[in-house]
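Here the structure comes first, spelled out in structure tokens, and everything after it is commentary.
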Amino acid sequence: KKKIAVMTSGGDSPGMNVAVRAVVRAGIYYGCDVYTVYEGYEGLLRGGDMLHKMGWADVRGWLSEGGTLIGTARCLAFKERVGMKKAAANLIEKGIDALIVCGGDGSLTGADLFRSLWPGLVEELVSEGRFTPAQVAQYRSLTIVGLVGSIDNDMSGTDSTIGAYSALERICEMVDYIHATAKSHSRAFIVEVMGRHCGWLALMAGIATAADYIFIPERAAEPDKWREDLKSVCKRHKNKGRRNITVIVAEGALDKDLKPITSEEVKDTLVEMGLDTRITTLGHVQRGGTAVAHDRWLATLQGVDAVKAVLEMTPDTPSPLIGILENKIIRMPLMESVKLTKEVATAIEAKDFDKAISLRDTEFIE
Ligand code: ADP
């Protein structure tokens with residue numbers, strides 16, 4: 001009987017519970033034992049009760065639960081070989097040799113690395129007398145399947161990540177609230193949203209709420225010149241009769257010299273043109289709440305496919321990432337997506353913004 005463990009790791013996102021529910025139920029449906037790992041890689045290292053066998057009813061109601069009920073954590077020790085060896089021993093102890101990880105590119109890179117080191121780790125555990133060769137005979141390779149849980153929608157090769165549309169929905173709702181008060185007082189509001197290396201949330205929220213101006217990392221602003229541009233755009237909109245002004249700033253917004261564009265600077269610029277200006281940093285409300293319908297079906301279909309991938313994989317299959325492209329659930333080599341994702345950050349660091357934009361799957365508009 002195949003034993004599969006599922007875990008959430010890295011930053012939480014709405015829909016992670018939905019993915020876990022889908023893995024648990026699809027796993028049971030296909031005749032497997034399914035375990036959840038509490039607290040991400042931390043739980044793998046601690047072993048024992050941190051790996052919990054799940055029944056069908058244990059995930060009842062999880063579709064509408066935000067965040068991740070099995071916990072997530074950052075775990076530095078898992079980056080070390082000794083940490084990974086402990087994790088391997090804990091998995092073998094429970095007879096588990098397949099791991100489905102729902103997390104960001106860091107978590108998925110760690111998972112793939114764990115898989116590549118696994119045979120050597122098992123060998124070491126045997127030579128240290130921890131297990132007999134017979135005990136590990138059927139655990140010579142580890143199966144890894146990745147699901148992307150991220151509110152930033154920052155993974156290359158997939159149209160949307162689990163949680164991104166929920167965060168977007170929350171941002172739009174909050175901006176609508178802000179509009180009401182901003183219009184009443186003819187105020188300008190700067191809304192700071194999450195997205196360290198990825199402007200998707202800021203861009204999509206800007207389109208969905210008719211923002212006057214958007215700052216994102218991929219389309220870096222012209223150093224200092226952006227101030228005049230911002231002023232002239234806002235003036236034009238004002239002249240057309242708009243009472244309120246909304247500027248959306250992604251957390252990672254930059255100018256072309258890689259200098260961060262801060263909400264304070266944007267505020268100062270708007271104050272210079274005589275606008276009564278306030279800053280609202282949305283912060284963690286963007287991660288909270290239940291998943292929107294999009295993320296629920298995405299996480300459900302992807303969770304089911306992750307189980308199918310586990311059952312179909314051979315030791316030679318590259319670790320897959322379950323994605324969605326043009327409305328179809330797809331599998332692609334996990335490390336290829338991670339590599340492409342890292343290329344965006346590298347292009348931004350190298351000030352090659354055209355490349356950064358072209359590497360994004362989303363259509364960035366002029
Ligand atoms: P995210 O998955 O959201 O990108 P992090 O980059 O913080 O978040 O990664 C989450 C966890 O994944 C880390 O705390 C660590 O335990 C593990 N991890 C990340 N990168 C690696 C790596 N290169 N090797 C091993 N483990 C890693």
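Is it true that some residue in the range 227-240 is within 27 Å of the chain's Cα centre (by Cα), open to solvent by 10 Å² or more (accessible area, probe 1.4 Å) and farther than 30 Å from THR346 by Cα?
Checked against the condition, which is being within 27 Å of the chain's Cα centre (by Cα), open to solvent by 10 Å² or more (accessible area, probe 1.4 Å) and farther than 30 Å from THR346 by Cα, the range 227-240 yields no hits at all.
Kindly indicate which of VAL126, VAL145 is over 21 Å from the mean Cα position of the chain (by Cα) and of a type in the set (Val, Ile, Thr).
Criteria check complete, one pass: VAL126.
Restricting attention to helices (runs of 4 or more DSSP H) lying wholly within the range 1-102, give those where 3 or more residues are more than 16 Å from the ligand (Cβ to nearest atom).
So the answer is 16-29, 81-94.
Among the helices (runs of 4 or more DSSP H) contained in the range 266-366, which hold 1 or more residues that are within 30 Å of ALA188 (Cα to Cα)?
In the range 266-366, 334-349, 353-359 are the helices (runs of 4 or more DSSP H) which contain 1 or more residues that are within 30 Å of ALA188 (Cα to Cα).
Can you tell me which condition ILE178 does not meet? The list is (1) closer than 22 Å to VAL233 by Cβ; (2) in contact (Cβ under 8 Å) with a residue 60 or more places away in the chain; (3) touching a Leu at 6+ places or on another chain (Cβ under 7 Å), and all the others hold.
(3)
What are the residue pairs meeting all of these: first residue in the range 1-12, first residue at negative phi, second residue of a type in the set (Val, Ile, Thr) and open to solvent by 10 Å² or more (accessible area, probe 1.4 Å), Cβ atoms under 6 Å, and 6 or more apart or on different chains?
THR8/THR68; THR8/THR72; SER9/THR72; ASP12/THR68; ASP12/THR72
Take the residues of the range 103-130 that are more than 14 Å from the ligand (Cβ to nearest atom) and touching a residue at least 40 places away in the same chain (Cβ under 8 Å): which is least open to solvent (accessible area, probe 1.4 Å)?
Here is the first cut: in the range 103-130, the residues more than 14 Å from the ligand (Cβ to nearest atom) are 119-120, 122-130.
From the residues that got through so far, the ones that are touching a residue at least 40 places away in the same chain (Cβ under 8 Å) too are 125, 130.
Details: LEU125: 7, ARG130: 113 Å².
Taking the candidates together, the pick is LEU125.
Out of (1) in contact with a helix residue (DSSP H, G or I) (Cβ under 6 Å, 6 or more places away or on another chain); (2) surrounded by fewer than 23 Cβ atoms within 10 Å (Cβ to Cβ), the odd one out for ASP33 is which?
Every condition holds for ASP33 apart from (1).
Report whether or not VAL175 is part of a helix (DSSP H, G or I) and closer than 24 Å to TYR35 by Cα.
It is false that VAL175 is part of a helix (DSSP H, G or I) and closer than 24 Å to TYR35 by Cα.
Any idea which of (1) away from the ligand (no atom under 16 Å from the Cβ); (2) part of a loop (DSSP other than H, G, I, E, B); (3) closer than 24 Å to GLU218 by Cα; (4) not small (Gly, Ala, Ser) is the one THR158 doesn't satisfy?
Exception for THR158: condition (1).
The values are calculated or read from the model by the stated rules, or taken from the named source; none is laboratory data. Here the structure is a predicted model, which is why all the values come from computation and not from measurement. For neighbour counting, all protein chains shown are included, and Cβ atoms are generated from backbone atoms with ideal geometry for every residue, glycine included. Heavy atoms of the whole protein, side chains included, go into the accessibility calculation; ligands, DNA and RNA do not. Shrake-Rupley method; radii C 1.70, N 1.55, O 1.52, S 1.80 Å.
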